[in-house]
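Quick notes on the structure that follows.
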Amino acid sequence: EKGGYPHFMLKEIFEQPRAIADCLRGRLDVENHSIQLGGLVDVLDKLVNAKRLVIAACGTSWHSGLLGEYLFEHLAKLPVEVEYASEFRYREALIDEDDVMLVVSQSGETADTLAALRTAKERGALTLGICNVVGSTIARDTDAGVYTHAGPEIGVASTKAFTTQVSVLAMMAILLGQKRGVLEKEYAARLIEELDRIPGKVEQILENSESIEEMAKLFTYAPNFLYLGRTYNFPVALEGALKLKEISYIHAEGYPAAEMKHGPIALIDEMMPVVVIAATDHTNDKMISNIEEVKARKGRIIAITGEDNEEVMDLAEFNCPIPETEDCLSPLLTSIPLQLLSYYIAVNRGCNVDQPRNLAKSVTVE
Ligand code: M6R
């Protein structure tokens, strides 16, 4: 059932080209540069006219939600707030019939996410879901939604659920940008064509998994890791750190790169690997200065960067080059080497990769 792989997690990482393609299939119309999301047809008008979108989720799905904020703001010019479902439900959350609540959940059963959804519903908001498990409680309780079609995810560490959630969010944001008349035609066309190429580019990254396996050997016993990213790759930094923590039990933190100066820089020394996700063009110079700051303190740089970005590659000690893509779609590529890195480190440490201690696949209790 693991299809020849030693763990479900590795199988699911390698399934991503297929999972993303399945997620895009029938939705992405490359010829006509349009997107169809059948599950949203009935509520599209309301969504197009919404004043605000609130996204609630937990864990990895919250990281997708954070990317959703960046995507909806950039492509659809729609104000977004992203909430930890557990915080939203216990706060005096201001939400009403003018708002749309979008919950993101692989399992569709996460207790806090379900409670946040019910709160929003009680207050009259339109509720939407992005779920993987068909017929799950959240999928049934939302007014409308989009399935990720990633196939069953068994490993506790979420991998293909994340990249397919982000694919759905990107499609939703492009569609909304088009319908709201705020997305330039040529840019929308480029994004749709590029989304179509993503499965092939993920495949290319996976073909390089051996170099990440080799690199992982050198960091197996690092006590701490820092992950830095900006804009679209800040949520990826958070996700990379979570992945490492949950399966290898190494302490890791993700930060927006500029925040390093406001505290975490004090931690950097020759024992500290720093994973820099430098794959967005307009922040490249800033990331380069962050890399230099880390190097000046003898931190060890692992860079996830565009394969043409020689400036970053020359500075880094280790490189995971990724194919060039549109900035806002880069998380679909940059997250892959981070999944592999955490996987190989956890295996080297003899950890139970598919069922890490203290964790459940689906958190149905508070
Ligand atoms: O099923 P959900 O997407 O609602 O689950 C949310 C989190 O429990 C989940 O993403 C968790 O953080 C994963 N173990 C991360 O890999």
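Just so you know, all these numbers are worked out from the coordinates, no wet-lab data involved. Predicted, not measured: the structure shown is a model, and the values here were computed from it. Neighbour counts run over all protein chains shown; Cβ positions are idealised from the backbone, glycine included.
With respect to the chain, whose longest principal axis is taken over its alpha-carbon atoms, helix 234-248 is tilted by about 70°. The long axis of helix 284-296 is offset from the longest Cα principal axis of the chain by roughly 40 degrees. The value given for the range 192-335 is a Kirkwood hydrodynamic radius of 15.2 Å, derived from the mean inverse Cα-Cα separation.
Restriction of the GluC sites (Glu not before Pro) in the range 1-93 to DSSP coil positions whose beta-carbon has at most 15 other beta-carbons within 10 angstrom yields Glu1, Glu31, Glu92. Remark: the Cα gyration tensor places the range 135-196 in the oblate category, a/c being 1.5 or greater and a/b not exceeding b/c. How many angstrom separate the Cα center of the range 1-50 from the Cα center of the range 166-219? For the range 1-50 versus the range 166-219, the Cα centre distance is 11 Å. Once the Cα-Cα distance is subtracted from the 0.36 nm per residue extended length, the Tyr221 to Glu92 segment shows a gain of 42.1 nm. Exposed loop sites here are trypsin sites (Lys or Arg not before Pro) assigned a DSSP state other than H, G, I, E or B and surrounded by at most 10 other beta carbons within 10 Å; excluding them, the longest clear run of the chain is 52-356. Rounded to the nearest 20, the size of the Cβ-charge dipole of the chain about its Cα centre is 780 debye, with Lys and Arg at +1 and Asp and Glu at -1. Dipole size of the range 1-159 about its Cα centre, with +1 on Lys/Arg Cβ and -1 on Asp/Glu Cβ: approximately 240 debye, rounded to the nearest 20. Between Thr325, Thr113, Thr164, the GNM of the chain built on Cα springs shorter than 10 angstrom shows Thr325 fluctuating the most.
Hey, quick one: spin label on Asp269, modelled 7 Å out along Cα-Cβ, who in the range 208-235 has an amide N within reach, i.e. under 19 Å? Of the residues in the range 208-235, 219-227 have backbone N under 19 Å from the label point off Asp269. If R0 is 41 Å, the Cβ-Cβ spacing of His282 and Asn352 corresponds to a FRET efficiency of close to 0.50.
Full extension of the chain segment joining Lys179 with Ser362 gains 62.4 nm, where the gain is 0.36 nm per residue of separation less the Cα-Cα distance.
Shown here for the range 225-280: GluC sites (Glu not before Pro) in loop regions (DSSP other than H, G, I, E, B) with at most 11 other Cβ atoms within 10 Å, namely Glu270. Segment Glu292..Asn208, full-extension length gain: 27.6 nm, with 0.36 nm per residue of separation and the alpha-carbon distance subtracted. Cross-link check: pairs Lys261/Lys298; Lys217/Lys245; Lys121/Lys361 evaluated at a Cα-Cα cut-off of 21 Å; pairs beyond the cut-off: Lys121/Lys361.
Rounded to 0.05, the FRET efficiency of the Asn49 and Glu307 pair, given R0 = 35 Å and the Cβ-Cβ distance, is 0.25.
Computed over the chain, the percent of Cα pairs more than 28 Å apart is 41. Output the 0 to 90 degree angle, nearest 10, between the alpha-carbon long axis of helix 111-122 and the longest principal axis computed from the alpha carbons of the chain. It works out to around 30 degrees. The chymotrypsin sites (Phe, Trp or Tyr not before Pro) of the range 79-115 include none that meets both conditions, a loop assignment by DSSP and at most 15 other Cβ atoms within 10 Å of the site Cβ.
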